[in-house]
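Participant: Have a look at this one.
What follows draws every value from the coordinates through simple rules; no lab data is involved. Just so you know, these numbers come straight off a predicted model, no measurement behind them. A quick note on method: Cβ atoms are made from the backbone with ideal geometry, for glycine too, and the neighbour counts reach across all protein chains shown.
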Amino acid sequence: MGIFEFLLAPFIASLILTGIHAYLGVHVVERGVIFVDLSLAQIAALGTTIAVLYGLDPHGPGTYVVSLIFTFIGAAVFSTIRGHKARIPQEAIIGICYAVASAAAILAMSKSVSETEHLKEMLVGNILTVSWFEVGKTAALYGLIGLFHYTFRKKFLAISISHEKAEADGINVRFWDFLFYASFGFVVTSSVAIAGVLLVFCYLIVPSVGAMLYAETIGKRLAIGWTMGTLVSAVGVYLSLKIDLPTGATIVCTFALVLALMAAIRPFLKKKAASSVASMTPVTLARES
């Protein structure tokens, strides 16, 4: 098998992850709940850990169902604590859930020394070994979730952009928040099984943050986020194979380097754009006169 054939499945999987997570990342950044993906991913990992301890196959359907149930519980919690009258910030609860889920997973794994490697896999993932069956199954699931979000995009965007205004307009915010986090849970549960907690978090947040440096509108942010995720995925997967490094960690570090580069060149691009506008102003005035 050539290198292209070997890398094709992980690359396609990374494109699928980029597509759904860059979109969800726009909502997460607008909502100001940056760590919700990391928290839900860790809750999903805890569910997987519990299932494995009870003898289920780490990659079997039973483990997936248990992990999904855990994420639904997290989704229910997150959807009920949001509101302008809430005494405790939602981000604080999300952070607490992440810490508790992480500690509980470590405690559970301490009872089964033979499964410590599984805990490491959940954290960093191993997207390089993804199968075509997993790629197809994930693509179908994310396609359905994408269709669901597209159908109800106005409600989801209204709540993400202005929670108070959506509530004033008569939208049942808690109900739609639960649907958002529940669909989020489907994505996270599947993504963690493929890519691990850390990489899933990067796919959600980093493309959206990078896009915010250069765009204001949702459409432009999505375009930049998808482009960034695609390029970083290709470079990260290739480097992990050539240098013989863990794939998930390599892609995470590649995301960090690209984001730093984007932030570094932004002032120069803004200065160049400002200079261009300034140089065009006299011409424009001459034409108008």
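Participant: Run through region 184-278 and list the chymotrypsin sites (Phe, Trp or Tyr not before Pro) located in a DSSP loop whose Cβ has at most 16 other Cβ atoms within 10 Å. List each step's numbers first, then the result.
Facilitator: Values: sites: F184, F186, F201, Y203, Y214, W226, Y238, F255, F268; in loops: Y214.
Loop-located and lightly packed - Y214.
Participant: Multiply the residue gap between L107 and I73 by 0.36 nm, knock off their C-alpha separation, and tell me the result in nm, one decimal place.
Facilitator: On the way: separation 34, 0.36 × 34 = 12.24 nm, distance 1.98 nm.
My answer for the length gained is 10.3 nm.
Participant: How big is the charge dipole of the chain about its Cα centre, in debye rounded to the nearest 20, if each Lys and Arg gets +1 on its Cβ and each Asp and Glu gets -1 on its Cβ? Don't jump to the answer; show the numbers that get you there.
Facilitator: Working: 20 positive and 16 negative charges, 189 e Å.
Charge dipole of the chain: 900 debye, to the nearest 20.
Participant: Something else: Roughly how far apart, in whole Å, are the Cα centres of region 139-177 and region 208-241?
Facilitator: Each part reduced to its Cα centre gives a spacing of 23 Å.
Participant: My understanding is that a pair violates if its Cα-Cα distance is over 23 Å; which of K220/K272; K137/K220; K137/K242 do that in this structure?
Facilitator: Numbers: K220/K272 20 Å; K137/K220 29 Å; K137/K242 28 Å.
Where the Cα-Cα span goes over 23 Å, the pairs concerned are K137/K220; K137/K242.
Participant: Right, here's the next one. Could you order peptides 57-63, 231-237, 244-250 by the average number of other Cβ atoms within 10 Å of their residues, highest first? Write out the running numbers ahead of the final one.
Facilitator: On the way: 57-63: 13.3, 231-237: 21.0, 244-250: 18.6.
Most protected by this proxy first, the peptides run 231-237, 244-250, 57-63.
Participant: Pop out the ³J(HN,Hα) list for region 195-209 in order, Karplus 6.51 cos²θ - 1.76 cosθ + 1.60 with θ = phi - 60°, rounded to Hz; leave Gly and Pro as x.
Facilitator: So the J values, rounded to whole Hz, are 10, x, 5, 5, 5, 4, 4, 5, 4, 7, 8, 4, x, 5, 5.
Participant: Here is a follow-up. In sequence order, what are the phi-derived ³J(HN,Hα) couplings for region 133-148 according to the Karplus relation 6.51 cos²θ - 1.76 cosθ + 1.60 with θ = phi - 60°, rounded to whole Hz, with x for glycine and proline?
Facilitator: Karplus values, whole Hz, x for Gly and Pro: 5, 5, 4, x, 5, 5, 4, 5, 5, 5, x, 5, 5, x, 5, 4.
Participant: Next up: Ranking request for peptides 11-18, 43-50: highest mean number of other beta-carbon atoms within 10 Å first, then the rest in descending order. Walk me through the numbers on the way to the answer.
Facilitator: On the way: 11-18: 22.0, 43-50: 26.9.
With the highest mean Cβ count within 10 Å placed first, the list reads 43-50, 11-18.
Participant: Is region 117-213 best put as rounded, prolate or oblate by its Cα gyration tensor, with a ≥ b ≥ c the root eigenvalues, rounded for a/c under 1.5, and otherwise prolate when a/b is larger than b/c, oblate when not?
Facilitator: Numbers: a/c = 2.42, a/b = 1.90, b/c = 1.27.
Verdict is prolate for region 117-213.
Participant: Over region 7-205, what is the relative contact order in whole percent, taking alpha-carbon pairs under 8 Å and six or more residues apart? Each step should come with its number before you reach the end.
Facilitator: Working: 247 pairs, mean separation 79.8, N = 199.
Once divided by the residue count of region 7-205, the mean separation gives 40 percent.
Participant: Separate question: Please turn the phi angles of region 164-170 into ³J(HN,Hα) values with the Karplus equation 6.51 cos²θ - 1.76 cosθ + 1.60 (θ = phi - 60°), one per residue in order, whole Hz, x for glycine and proline.
Facilitator: Couplings: 5, 5, 4, 5, 5, 7, x Hz.
Participant: Loop by DSSP (not H, G, I, E, B), at most 11 other beta-carbon atoms within 10 Å: where is the longest site-free stretch of the chain for trypsin sites (Lys or Arg not before Pro)? It would help to have the intermediate numbers written out before the result.
Facilitator: Numbers: sites that count: K85, R87, K111.
Maximal segment without exposed cleavage sites: 112-289.
Participant: How far is helix 61-80 tilted off the main Cα axis of the chain, in degrees rounded to 10, range 0 to 90?
Facilitator: Here the helix axis deviates by roughly 50 degrees.
Participant: Any chance you could run the full-extension gain for L141 through V235? It's 0.36 nm times the residue separation minus the Cα-Cα distance, nm to one decimal. Display every interim value, and only then the final one.
Facilitator: Numbers: separation 94, 0.36 × 94 = 33.84 nm, distance 2.58 nm.
Full extension of this stretch gives 31.3 nm more.
Participant: Taking the Cβ of each residue in C97, C253 as the centre, tally the other Cβ atoms inside 10 Å and list the residues starting with the fewest.
Facilitator: Working: C97 23, C253 15.
Exposure proxy ranking, most exposed first: C253, C97.
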